[in-house]
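There's a structure below that I have some questions on.
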Amino acid sequence: MSISKTTLRPTLQQYMHTAVRQSLNRANYSTSSELLSIANKYCSDSKKEECRQGDYEAYLAVSFFPSHLRDTQLAIRAFNVEIASIRENVSNPTIGKMRMQFWKDTIDNVYKVNKREAKGINSGKPPQQPIALALAESLKHTQLSSMWFKRIITERTTNLDDHQFMTIQDMETYSENTATSVLYLQLESLGLRDVQADHAISHMGKMMGITTFLRSFPFHLGQKRSVLPAQITAKYGISQEDLFRQGQVEGLEDAIFEVATAANDQLLTARSMLETVPQQAFPVLLAAVPYIKYLEKLEKANFNVFDPSLQRKDWKLPLSLWNAYRKHTI
């Protein structure tokens, strides 16, 4: 991730928020369908912006969901992007916690309105925020559990203070509460309640979360953050000061190898369960393909996270996703 992109991200998001708020204000007397159109456009546009910022993979994976559920996937993903980007878009953790609290209240209000509407009670409108509007519409035809949204918010809130993970198990817990929760929401949107799918997705989400830390390692290092567990840095004699000052230090590749191995173990466990997972759940599992590709490239780079080849966009990814979907293999 280049410095220029990181610098521009808040400006782009602020511009989009302002534009959508103006649209919503102009639509005060418009129909609900017009408001929903604005909200869905925002979620779609924010995913397109995210593609330019490096999450091209998630946008591609949405295409494999049934067409009538794609707006729901975009709403879920837009929510995840919004929560994940708070850390980079605030000047201090206190402001970040205020924004997280706003989203907790917003989710509560969305579900409150939906519950009352289901009983035939006119309880007004959901919060006039584009992602909230899109999620409110999704709840009319899908059953999404509010606990997954809240779990994402809670875990992201605890991470605002940039505390270092102590063990790989801590990374797995964080990944379970963030990446896996997004996958659970997508699974629920398909109307599936399946224990085997839940187990496979749990392990796949942990793999994705751990791999995300490896992919973003150079970026976090530039922000003076260490995403490697303290247990691992101590094991290989890696000093945070040396890491921040030099980047590539002795023992780092061994440390990266151990963390990548933990991610791969989660992948192998998930793969061992695939035969028992309903085929309808496969669009959710496709989200793992880009992370698997990254682990493969990292191995070829001898676990050097600074290798330039890891920063290149995989132009074969659409084909890889299609082949995985067609063969039902990850």
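The values are calculated or read from the model by the stated rules, or taken from the named source; none is laboratory data. All values derive from a computational prediction rather than experimental measurement. Here Cβ is always computed from backbone atoms with ideal geometry, including for glycine, and neighbour counts include all displayed protein chains. Calculation scope for accessible area: heavy atoms of the full protein, side chains included, ligands and nucleic acids excluded. Shrake-Rupley method; radii C 1.70, N 1.55, O 1.52, S 1.80 Å.
What's the total number of residues in region 294-305 that are open to solvent by 70 Å² or more (accessible area, probe 1.4 Å) and assigned to a loop (DSSP other than H, G, I, E, B)?
1
Quick one: residue 219 ticks every box in (1) in a helix (DSSP H, G or I); (2) in contact (Cβ under 8 Å) with a residue 24 or more places away in the chain; (3) over 24 Å from residue 301 (Cα atoms) except a single one, so which number is it?
Answer for residue 219: the failing condition is (3).
Separate question: Of the residues 200, 281, 234, which is open to solvent by 20 Å² or more (accessible area, probe 1.4 Å), among the small types (Gly, Ala, Ser) and either under 29 Å from residue 163 (Cα atoms) or part of a helix (DSSP H, G or I) (or both)?
It is 234.
Please find, within region 271-306, the residue that is nearest to the chain's Cα centre (by Cα) out of those that are at pLDDT 95 or above and among the acidic types (Asp, Glu).
This residue is 296.
Please indicate, with yes or no, whether at least one residue in region 312-321 is part of a loop (DSSP other than H, G, I, E, B), open to solvent by 70 Å² or more (accessible area, probe 1.4 Å) and at pLDDT 95 or above.
no
Identify all residues within region 261-278 that are open to solvent by 10 Å² or more (accessible area, probe 1.4 Å) and touching a helix residue (DSSP H, G or I) at 6+ places or on another chain (Cβ under 8 Å); write none if there are none.
262, 264, 266, 269, 273, 274, 276, 277, 278
Here's a follow-up. Check every one of the helices (runs of 4 or more DSSP H) wholly within region 138-195 and list those with 3 or more residues that are under 18 Å from residue 107 (Cβ atoms).
Passing ranges, in order: 146-158, 179-189.
Would you please name the residue that is farthest from residue 101 (Cα to Cα), looking only at residues in region 114-158 that are of a type in the set (S, T, N, Q), at pLDDT 90 or above and open to solvent by less than 50 Å² (accessible area, probe 1.4 Å)?
It comes out as 142.
Please enumerate the residues belonging to region 240-258 that are over 17 Å from residue 167 (Cβ atoms) and open to solvent by 40 Å² or more (accessible area, probe 1.4 Å).
Within region 240-258, 241, 242, 244, 245, 246, 248, 250, 253 qualify.
Output the residue which, of all residues in region 164-180 that are touching a residue at least 12 places away in the same chain (Cβ under 8 Å) and open to solvent by 40 Å² or more (accessible area, probe 1.4 Å), is farthest from the chain's Cα centre (by Cα).
This residue is 166.
Take region 231-285 and flag every residue that is among the basic types (Lys, Arg) and more than 20 Å from residue 220 (Cβ to Cβ).
The answer is 271, and nothing else.
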